[in-house]
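Take a look at the structure set out below.
What follows is calculated from the coordinates using simple rules that are stated; it is not laboratory data. Fair warning: this is a prediction, and the values are worked out from it, not measured in the lab. Neighbour counts run over all protein chains shown; Cβ positions are idealised from the backbone, glycine included.
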Amino acid sequence: MRTDKAIRQSPDDIDGVLDHYGNRARVVQLWWSHGLAGRWVYIGRLRLAEYRPFDSFQEIVQAVFGGGWFRARVYGPWDRKRRREEYLEQVTFGNGGPPTAETLSWVRRA
């Protein structure tokens, strides 16, 4: 069981973090903000098994949610003892371009 955090090439290296945890990383919860200092809005959970093998997680996020700043919380397997998913790490990263209609609908509901 790995308990160490991933070594990142840069502070926003979400792909490096996911590579580090491999199949142990199962779910990524995403929050979106138009600007890094803005309000964070929860926009969903991505089950990594549905996207593996992926070339780049950032490309998946770009395709589904578009641009902006994202806060990704990476979770591992279910911990029966604690009755929750194992929290692995959090990464904040940015994507260029406009947000998708799906992202804007989440923001309007929040």
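Taking +1 at the Cβ of each Lys and Arg and -1 at the Cβ of each Asp and Glu, which of Gly68, Tyr42, Thr92 sits farthest along the dipole of the stretch 20-92 towards its positive end, judged by Cα position relative to the Cα centre?
Tyr42
Normalised by the number of residues in the chain, what is the relative contact order in percent for Cα pairs under 8 Å and 6+ residues apart?
Taking the mean separation of contacting Cα pairs over the length of the chain, I get 29 percent.
How much net charge surrounds Asp79 when only other residues with a Cβ under 11 Å from its Cβ are counted (Lys, Arg +1; Asp, Glu -1)?
It works out to a net charge of +3.
As a test of the formula, what do you get for the chain when each DSSP H run with n ≥ 4 contributes -39,500 (n - 2.57) and the sum is divided by the residue count, at 222 nm and rounded to the nearest 500 deg cm²/dmol?
Per the formula, -6500 deg cm²/dmol.
By average Cβ neighbour count within 10 Å, what is the ranking of 95-105, 19-29 from highest down?
The densest-packed peptide leads the list: 19-29, 95-105.
Using a 7 Å offset from the Cα along the Cα-to-Cβ direction at both Arg80 and Leu104, what is the distance between the two label points in nm, to one decimal?
The answer from the label model is 4.8 nm.
Which order do the peptides 80-87, 66-73, 45-52 come out in when sorted by mean C-beta neighbours inside 10 angstrom, highest first?
Packing order, densest peptide first, comes out as 66-73, 45-52, 80-87.
Within the chain, which whole H helices from DSSP have a Cα span along their axis of at least 27 Å and a mean Kyte-Doolittle hydropathy of -0.5 or more, if any?
Within the chain not a single helix satisfies the rule.
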